[in-house]
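Visitor: Next up is a structure, given as structure tokens.
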Amino acid sequence: MTTKLWFALFAVLFLFLLVRNFVLGAGEIGRLRIGPLTLAPFGPLVSLGVLFGIHLMRRWAARFGLEWDGVFAAVGWMLVVGFVGSHLLDVALYRPQDFFELGVLLDFRTDYSSFGGLLCGGVTAAIAFRRHGVPLLRGMECTLYGFIGGWLFGRLGCFSVHDHPGRETTFALGVPVGGVVRHDLGLYELLYTIVLFGAVQIGTRTRRPDGWLVAVAATSYAPVRFALDFLRVRDATYAGLTPAQWACIPLLVLGLVFVARVCAAAD
């Protein structure tokens, strides 16, 4: 499927969910009702995100001279370790009291940490790239490009089931959760990701110094996620901040390091 068809599919699904939630007021958590059919949208949307991410990585590799076989060899391990690590870290950080409950650890239907997936998947990809002779920074940027694109469908899945409800609100984009209108943090991150992906698409039109994508993604996502987490409810906190907020601090530092590197390379 071409990139334009992927964009069209995303646009149709996003428009459908917007109409369903804000026009029809039918934002039932966990499933979609279409006539006589009842569908669980989260899993299929995440799967679409994985496929779209791989598609984007292949385009990036072809455009910027990376051997696709070496990149693709890392994808399988990256996905498996990323998903498993994302779940385990979510339980460890947000529900540590349940970490030694085997039933909770093996229940991969819910509870994923985006930072956990990024960390575990990223480390795994880096190891695989070194083994297959893929330049590390260029390979990681290829992976990040696919991750950002796949995140569009992933956060669309979060929005479809409202699995990140925030504080009560009268904001126009609030959604009813349990009879109370709340911020939908999955939707907010989706809107951010649309802007980020659009900026990245514009940025890829010309060749830029290695590291520019890390600089853009890290320095934009860290403050956005840090601010949004203040709207969360029932999240575990450590010294007043959620685990994701603590992770945003080194992420921002990393982004600023790459900003300096890119600026130096551009001079």
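Visitor: Using R₀ = 35 Å, calculate the FRET efficiency as 1/(1 + (r/R₀)^6) where r is the Cβ-Cβ separation of residue 9 and residue 68; round to 0.05. It would help to have the intermediate numbers written out before the result.
Guide: Values: r = 23 Å, r/R0 = 0.66.
Calculated transfer efficiency: 0.90.
Visitor: Return the calculated 222 nm mean residue ellipticity for the chain, to the nearest 500 deg cm²/dmol, obtained by summing -39500 (n - 2.57) across DSSP H runs with n ≥ 4 and dividing by the residue count.
Guide: Details: 9 runs with 177 residues, N = 267.
The helix-only estimate for the chain comes to -23000 deg cm²/dmol at 222 nm.
Visitor: Is the range 31-143 best put as rounded, prolate or oblate by its Cα gyration tensor, with a ≥ b ≥ c the root eigenvalues, rounded for a/c under 1.5, and otherwise prolate when a/b is larger than b/c, oblate when not?
Guide: Working: a/c = 3.23, a/b = 1.39, b/c = 2.32.
Oblate, since a/c reaches 1.5 and b/c is not below a/b.
Visitor: Still on this structure, I have one more. Mind checking the angle between helix 114-131 and the chain's longest principal axis? C-alpha axes, 0 to 90 degrees, to the nearest 10.
Guide: The angle comes out at about 30 degrees.
Visitor: Tell me, what is the FRET efficiency for residue 201 and residue 99 to the nearest 0.05, using R0 = 25 angstrom and their Cβ-Cβ distance as r?
Guide: Values: r = 40 Å, r/R0 = 1.59.
For residue 201 and residue 99, the calculated efficiency is 0.05.
Visitor: Give me the extension gain from residue 227 to residue 254: residue separation times 0.36 nm, minus the current Cα-Cα distance, reported in nm with one decimal.
Guide: Details: separation 27, 0.36 × 27 = 9.72 nm, distance 1.82 nm.
Result for the pair: 7.9 nm of gain on full extension.
Visitor: While we're looking at this one, here's another question. Separation between the residue 22 and residue 263 pseudo-spin-labels, each 7 Å from Cα along Cα→Cβ, expressed in nm?
Guide: Here the modelled spin labels are 3.6 nm apart.
Visitor: In addition: Taking the number of other C-beta atoms within 10 Å as the exposure measure, put 107, 184 in order starting with the fewest.
Guide: Values: 107 13, 184 26.
Starting with the residue having the fewest Cβ neighbours, the order is 107, 184.
Visitor: With +1 on each Lys and Arg Cβ and -1 on each Asp and Glu Cβ, how big is the dipole of the chain about its Cα centre, in debye rounded to the nearest 20?
Guide: Numbers: 22 positive and 17 negative charges, 145 e Å.
In total the dipole reaches around 700 debye.
Visitor: Further question: Taking the beta-carbon count within 10 Å as an exposure proxy, list 22, 153, 197 from fewest neighbours to most.
Guide: Numbers: 22 13, 153 25, 197 18.
Fewest-to-most Cβ neighbours within 10 Å comes out as 22, 197, 153.
Visitor: Projected onto the charge dipole of the chain (+1 at Lys/Arg Cβ, -1 at Asp/Glu Cβ, origin at the Cα centre), which of 180, 1, 127 gives the Cα projection farthest towards the positive end?
Guide: The one lying farthest along the dipole's positive direction is 1.
Visitor: Here is a further query. Taking the chain as the reference, fit the longest principal axis to its C-alpha atoms, fit the long axis of helix 185-203 to the helix C-alpha atoms, and give the angle between the two in degrees, 0 to 90, nearest 10.
Guide: That works out to roughly 30 degrees.
Visitor: Return one number: the angle in degrees, 0 to 90 and rounded to the nearest 10, between the long axis of the Cα atoms of helix 136-161 and the longest principal axis of the Cα atoms of the chain.
Guide: Value to nearest ten degrees: 10.
Quick note: the coordinates plus some simple rules give every number you see, no bench work behind them. Source: prediction; values computed, not measured. Note that we place each Cβ from the backbone using ideal geometry, even for glycine, and neighbour counts take in every protein chain shown.
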